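Notes for the one structure printed next.
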Amino acid sequence: MAPAALLREVTQTLCAAGGSLGLEELRRRLRPGVGGDALDRLLRECGHCVVVRRAAGAGAAAVEPSVLAASPLRLCTAHLGPKPSCHGLCAQLHLCKFVLYGQCKFLRDGKECRSSHTLRSDHNMSVLKTQGVDHLDFSELTVLLLQNDPQLLPEICLHYNKGDGPYGSCSFKKQCIKLHVCQYFSQGKCKFGTGCKRSHDFSNPENLEKLEKLGMRSDLVSRLPSIYRNAHDIKNKSSPLVRVPPPPSRSQGSSERRDTGSVCPNTAPQEESDQICLYHIWKSCSFQEKCSRVHFHLPYRWQVLDGGKWKDLPKMELIEEAYSNPRRDGITCTESAGSFPIGSLKFDSMTFGGTRARRLSTASSVTKPPHFILTTEWLWYWTDELGSWQEYGRQDMEHPVTSVNSSDLEKAYLAYCTPGSDAKAAILRFQAGKHTYELDFRAFIQKNLAYGTMRKVRRRPKYVSPQDVKMKQTCSVNFQGPKSIPEHWDHSAVPDTGFKVRDWRCPGLGRRVLLDTGKCEQTALRPSPPRGEREVGFLLDLGDFTQGWLWPEG
């Protein structure tokens with residue numbers, strides 16, 4: 001059986017069973033003729049299954065490998081907002097999350113829901129086919145999404161799990177909108193068992209009332225314990241993950257992480273575990289050393305492979321600046337890295353001398369909401385007849401503007417790079433003036449369909465210097481605190497990390513910045529900018545609650 005067909009069968013078998021199965025039980029349920037070697041190879045290499053050690057049964061001392069269905073499939077966050085803003089070029093589903101629960105709470109309450117309620121739209125069917133899960137029924141797809149998309153599962157109250165008393169340190173008690181369930185039980189590792197003072201029941205009256213308000217159907221409620229546990233094991237790298245033993249012929253060092261996006265910049269993007277953690281750069285990662293992403297002070301990191309371990313290259317900001325220039329094929333490193341002598345780093349092959357190199361980075365900007373700072377903005381270029389690199393979507397005097405820009409191409413490229421995508425996703429057709437072109441993501445070639453002319457294509461990041469990073473991390477505009485906020489405002493709605501700021505003098509073109517709420521001198525809030533005012537004012541967007549103007553006094 002072909003690997004893609006086997007993966008489809010394995011995914012469906014796991015999701016039909018609630019998202020996970022013991023390895024031996026999975027072997028038994030697969031159709032006759034599926035070889036053990038083929039399954040072992042799939043579990044080892046596909047990246048769409050996670051293998052963990054779990055107790056063989058309730059109260060059993062023995063453990064056995066269990067297989068969990070993993071997937072990069074997500075619901076589009078831009079589509080889920082109060083004003084859906086995605087234009088359909090993303091690689092994520094456009095679907096109301098409450099439909100997955102069983103019933104949309106907005107329609108149930110007689111309100112309008114702005115999100116799509118069907119999986120049969122052209123966009124959603126294309127995404128499902130690209131991900132290789134278009135064969136799953138709705139129930140199976142629900143399980144797959146719930147245990148992989150972190151925005152879908154109802155949140156468990158952390159305060160309930162701390163302190164003494166029946167509600168722990170939760171001050172809202174019965175009015176709390178989060179689930180009051182033992183956090184360790186949801187992770188499958190509560191050592192107190194039936195003697196635990198926290199609830200192990202998702203369907204007790206208090207929790208059931210909250211879940212029913214979300215529109216969750218009863219059969220899904222009964223599956224929540226296994227779904228939460230699967231979601232925890234898929235996301236949390238501190239879980240006791242195990243690997244299916246590799247064939248004897250392979251002698252890869254176990255300390256090296258799998259890297260799918262670093263050998264060549266024109267291949268698949270890196271795995272999430274090889275992404276640089278945005279929250280760490282923002283200095284707000286709560287997972288610390290348990291975080292599944294890379295912690296680094298810059299949104300990029302250049303490394304070479306030395307003795308089976310990745311080691312940082314010196315002066316990587318200079319490497320990054322060169323790499324951001326589409327005219328550059330490489331850079332000569334004038335300082336040695338580890339045991340490596342001075343040498344040339346080649347960008348197209350991602351090699352440093354005779355060894356591998358890689359570039360880690362933050363998530364692509366098209367995968368995050370617009371207000372996320374320090375994501376990686378990828379720019380796309382093509383070579384003209386003179387060999388000059390031109391950015392897609394940019395107007396100039398000598399070339400007609402293309403119908404697609406860098407953001408469009410990045411979204412289409414990420415959809416193509418998703419495991420399981422078909423051959424059609426590798427080609428994107430677009431217009432420039434009266435000509436039609438095709439961009440081949442496999443070869444990074446642009447072809448004129450009328451004349452057959454082919455041009456090279458490059459994908460390079462927009463350069464961000466260390467100084468830019470520091471500037472975005474901090475802001476000289478400071479906020480005084482609650483006494484500047486009107487009494488009728490909800491003070492609890494003020495976010496801890498800061499506010500989104502726009503310069504009101506440039507409507508539609510304002511920039512978003514994080515304000516440090518801990519330092520402020522002489523600021524006040526006004527309801528709106530006064531007419532004729534010449535000085536600078538900043539619009540404060542306090543989430544979904546209200547807006548105000550940050551104004552300098554004096």
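The values are calculated or read from the model by the stated rules, or taken from the named source; none is laboratory data. Keep in mind the model is a prediction, meaning the values are calculated, not measured. Don't worry about glycine lacking a Cβ; one is built from the backbone with ideal geometry, like all the others, and counts go over all protein chains shown.
Worth pointing out:
- Of all residues in segment 429-473 being surrounded by fewer than 15 Cβ atoms within 10 Å (Cβ to Cβ) and among the polar types (S, T, N, Q), the one that is nearest to L298 (Cα to Cα): S465
- Condition check for G353: without any contact (Cβ under 8 Å) to a residue 60 or more places away in the chain, more than 23 Å from the chain's Cα centre (by Cα) and exposed (fewer than 14 other Cβ atoms within 10 Å of the Cβ): no
- Scanning segment 393-407 for residues that are in contact (Cβ under 8 Å) with a residue 12 or more places away in the chain, more than 20 Å from the chain's Cα centre (by Cα), over 26 Å from K311 (Cα atoms) and surrounded by 19 or more Cβ atoms within 10 Å (Cβ to Cβ) turns up at least one hit.
- Boolean, H117 is at pLDDT 85 or above, surrounded by fewer than 15 Cβ atoms within 10 Å (Cβ to Cβ) and touching a helix residue (DSSP H, G or I) at 6+ places or on another chain (Cβ under 8 Å): yes
- Just one of the listed residues (L144, L93, L136, L100) is closer than 17 Å to G215 by Cα and in the same structural domain as Y228 (by TED's automatic domain parsing), and it is L100.
- Residue match in segment 217-240 (condition: surrounded by fewer than 18 Cβ atoms within 10 Å (Cβ to Cβ), in contact with a Lys or Arg (Cβ under 6 Å, 6 or more places away or on another chain) and either assigned to a loop (DSSP other than H, G, I, E, B) or modelled with pLDDT of 85 or more (or both)): yes
- In segment 268-282, the residues that are in a loop (DSSP other than H, G, I, E, B) and modelled with pLDDT under 80: A268, P269, Q270, E271
- Flag for A426 being surrounded by fewer than 19 Cβ atoms within 10 Å (Cβ to Cβ) and at pLDDT below 90: yes
- Flag for L136 being in a loop (DSSP other than H, G, I, E, B), under 29 Å from L6 (Cα atoms) and in contact (Cβ under 8 Å) with a residue 12 or more places away in the chain: yes
- Cross-chain or 6+ apart pairs with Cβ under 6 Å, segment 319-335 first and in a helix (DSSP H, G or I), then basic (K, R) and surrounded by 18 or more Cβ atoms within 10 Å (Cβ to Cβ): none
- Residue among L95, L6, L21, L73 that alone is at pLDDT 85 or above and part of a helix (DSSP H, G or I): L6
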